[in-house]
1. I'd like the full set of residues that are under 14 Å from Asn89 (Cβ atoms), in contact (Cβ under 8 Å) with a residue 24 or more places away in the chain and surrounded by fewer than 17 Cβ atoms within 10 Å (Cβ to Cβ), limited to the stretch 33-46.
2. Looking at this structure, is Lys90 within 26 Å of Pro12 (Cβ to Cβ), among the basic types (Lys, Arg) and in contact with a helix residue (DSSP H, G or I) (Cβ under 8 Å, 6 or more places away or on another chain)?
3. What are the residues in the stretch 53-62 that are surrounded by 14 or more Cβ atoms within 10 Å (Cβ to Cβ) and either of a type in the set (Ser, Thr, Tyr) or assigned to a loop (DSSP other than H, G, I, E, B) (or both), if any?
4. Filtering the stretch 19-52 down to residues that are touching a helix residue (DSSP H, G or I) at 6+ places or on another chain (Cβ under 8 Å) and in a strand (DSSP E or B), which residue is farthest from Leu86 (Cα to Cα)?
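What follows is calculated from the coordinates using simple rules that are stated; it is not laboratory data. If you're wondering where the values come from, they're calculated on a predicted model, not measured in any experiment. Virtual Cβ from ideal backbone geometry, glycine too; neighbours counted across all protein chains shown.
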Amino acid sequence: MEIEIIEESENPMLHRTDVTFRVVHDEATPERLSVRDSLAAKLNKDADEVVIRDLNTKFGMRTTIGRAKVYDDDAVAKEIEREYVLERNKITSDSEAAGEAEEA
């Protein structure tokens with residue numbers, strides 16, 4: 001899987017960078033989490049600071065266009081993003097982490 005950054009735009013009010021990228025893959029469309037981890041590595045960020053917004057693959061193509069939000073730190077991401085988006089990207093909110101700790 002090869003990732004190429006197409007466009008980056010700063011959003012200082014929300015402490016993030018909006019990124020559009022292209023993923024070239026050999027097999028089926030890669031999973032969201034593997035794309036997030038690869039993109040985070042390419043941008044030298046922690047995986048919890050990267051939120052994949054969407055991945056679009058045209059039928060039969062081996063290229064996927066995606067959009068992501070790259071936050072300055074994970075606390076800002078947890079504050080701004082909705083719960084279902086955090087869950088989809090496997091980023092646990094502070095309240096979820098506290099609840100899981102209490103159950104254990």
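1. Leu33, Ser34, Asp46 - these are the residues of the stretch 33-46 that are under 14 Å from Asn89 (Cβ atoms), in contact (Cβ under 8 Å) with a residue 24 or more places away in the chain and surrounded by fewer than 17 Cβ atoms within 10 Å (Cβ to Cβ).
2. Values: within 26 Å of Pro12 (Cβ to Cβ): no; among the basic types (Lys, Arg): yes; in contact with a helix residue (DSSP H, G or I) (Cβ under 8 Å, 6 or more places away or on another chain): yes.
It is false that Lys90 is within 26 Å of Pro12 (Cβ to Cβ), among the basic types (Lys, Arg) and in contact with a helix residue (DSSP H, G or I) (Cβ under 8 Å, 6 or more places away or on another chain).
3. Residues of the stretch 53-62 that are surrounded by 14 or more Cβ atoms within 10 Å (Cβ to Cβ), as a first pass: 53, 55, 57.
Hit for the stretch 53-62 is Thr57, nothing else.
4. Checked the stretch 19-52; the qualifying residue farthest from Leu86 (Cα to Cα) is Val23.
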